[in-house]
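Asks: One structure, as structure tokens, below. Some questions next.
The values are calculated or read from the model by the stated rules, or taken from the named source; none is laboratory data. Since we're looking at a predicted model, the values are computed, not measured. Here the Cβ is made from the backbone with ideal geometry for all residues, glycine too, and neighbour counts use every protein chain on show.
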Amino acid sequence: MKLSTKGRYAVMAMVDLACQNKDTPVALADIGLRQDISVSYLEQLFGKLRKGAQVKSVRGPGGGYLLARGADQIKISDIMIAVDEPIQTTRCSVGSSKGCVADNSRCLTHDLWSELGNQILLYLSSVSLADVVNNKIVGTSGRHLFPPSFITDCSTSILQETDYHAAE
């Protein structure tokens with residue numbers, strides 16, 4: 001499966017943007033500092049996000065970017081699609097009628113990996129930016145394995161010790 005930094009960084013930057021003041025444009029330099037992503041890379045990503053109607057740009061002094069819609073209306077899949085990040089789980093080229101085997105047939109596990117890609121896209125379509133910002137993504141991701149100082153969120157910059165122990 002391939003998920004490049006393009007998709008991960010776009011989602012990180014959008015979550016950062018959603019964490020900021022909703023009415024004030026956020027400069028890419030500020031997002032870059034907080035997320036350790038180069039401004040030139042963010043410019044490329046936000047150009048695609050703007051064309052994909054996920055963000056609005058504000059020019060001039062105090063300019064930057066705003067979410068195009070509420071964080072609860074922007075799905076993680078919207079972000080991935082806007083930056084041209086396909087969910088590729090097979091060796092076959094996306095949309096190609098040719099298979100991944102030398103004789104152009106499909107490999108024995110093609111349907112398995114293809115369905116995994118569909119499930120990933122369904123999951124990303126069910127998660128909004130607001131879900132991520134509000135720490136509503138709960139599962140077995142290992143969140144309880146890390147000390148509270150390691151995990152940050154938008155509302156408190158560092159999880160409270162009580163939140164960490166409550167999760168155990």
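Asks: Scan segment 4-31 residue by residue and report those that are within 30 Å of His110 (Cβ to Cβ) and surrounded by 15 or more Cβ atoms within 10 Å (Cβ to Cβ). Step through it out loud before you land on a result.
Replies: As a first pass, look at segment 4-31 and keep what is within 30 Å of His110 (Cβ to Cβ): 4-11.
Within segment 4-31, Lys6, Gly7, Tyr9, Ala10, Val11 meet the criteria.
Asks: Now for a separate question. Within segment 68-94, restricting attention to residues that are among the small types (Gly, Ala, Ser) and not in a helix (DSSP H, G or I), which residue is farthest from Val11 (Cα to Cα)? So that I can check it myself, show each step before the final result.
Replies: The initial filter retains those residues of segment 68-94 that are among the small types (Gly, Ala, Ser), namely 68, 70-71, 77, 82, 93.
Narrowing the set further to residues that are not in a helix (DSSP H, G or I) leaves 68, 70-71, 93.
Working: Ala68: 15, Gly70: 15, Ala71: 12, Ser93: 24 Å.
Top of the filtered list is Ser93.
Asks: Here is a follow-up. Given the structure, is Leu112 surrounded by 11 or more Cβ atoms within 10 Å (Cβ to Cβ) and within 19 Å of Gly7 (Cα to Cα)?
Replies: Working: surrounded by 11 or more Cβ atoms within 10 Å (Cβ to Cβ): yes; within 19 Å of Gly7 (Cα to Cα): no.
So Leu112 fails the test.
Asks: Please give the number of the condition Thr162 fails out of (1) at pLDDT below 85; (2) crowded, with 16+ Cβ neighbours inside 10 Å.
Replies: Among (1) at pLDDT below 85; (2) crowded, with 16+ Cβ neighbours inside 10 Å, Thr162 violates only (2).
Asks: A follow-up question, please. Could you pull out the residue among Asn104, Asn135 that is loosely packed, with under 14 Cβ neighbours inside 10 Å, on the phi > 0 side of the Ramachandran plot and either in a loop (DSSP other than H, G, I, E, B) or modelled with pLDDT under 55 (or both)?
Replies: Working: Asn135 fails: loosely packed, with under 14 Cβ neighbours inside 10 Å.
One residue alone meets the criteria, Asn104.
Asks: Can you spot a residue in segment 55-62 that is among the aliphatic types (A, V, I, L, M), modelled with pLDDT of 80 or more, part of a helix (DSSP H, G or I) and within 17 Å of Val15 (Cβ to Cβ)? Show your work before the answer.
Replies: Pass one, segment 55-62, residues among the aliphatic types (A, V, I, L, M): 55, 58.
Applying the additional criterion that residues be modelled with pLDDT of 80 or more yields 55, 58.
With part of a helix (DSSP H, G or I) added as a condition, the list becomes none.
For segment 55-62, residues among the aliphatic types (A, V, I, L, M), modelled with pLDDT of 80 or more, part of a helix (DSSP H, G or I) and within 17 Å of Val15 (Cβ to Cβ): absent.
Asks: OK, next. Starting from residues that are in contact (Cβ under 8 Å) with a residue 12 or more places away in the chain and part of a helix (DSSP H, G or I), keep the ones in segment 32-42 and report whichever is surrounded by the most Cβ atoms within 10 Å (Cβ to Cβ). Please lay out each step first, then the result.
Replies: Going through segment 32-42, the residues in contact (Cβ under 8 Å) with a residue 12 or more places away in the chain turn out to be 34-35, 37, 41-42.
Of the ones still in play, those that are also part of a helix (DSSP H, G or I) are 34-35, 41-42.
Numbers: Arg34: 15, Gln35: 13, Tyr41: 16, Leu42: 23.
Ranking the candidates gives Leu42 first.
Asks: Is there a residue being over 24 Å from Ile120 (Cβ atoms) and not in a helix (DSSP H, G or I) anywhere in segment 43-53?
Replies: Within segment 43-53 (the criterion being over 24 Å from Ile120 (Cβ atoms) and not in a helix (DSSP H, G or I)), the answer is no, since none of the residues qualifies.
Asks: Does Ile120 satisfy being surrounded by 16 or more Cβ atoms within 10 Å (Cβ to Cβ), modelled with pLDDT under 95 and in the same structural domain as Asp131 (by TED's automatic domain parsing)? Full working, then the answer.
Replies: Numbers: surrounded by 16 or more Cβ atoms within 10 Å (Cβ to Cβ): yes; modelled with pLDDT under 95: yes; in the same structural domain as Asp131 (by TED's automatic domain parsing): yes.
So Ile120 passes the test.
Asks: May I ask you to list the residues in segment 13-42 that are over 15 Å from the mean Cα position of the chain (by Cα) and β-branched (Val, Ile, Thr)?
Replies: Thr24, Val26, Val39
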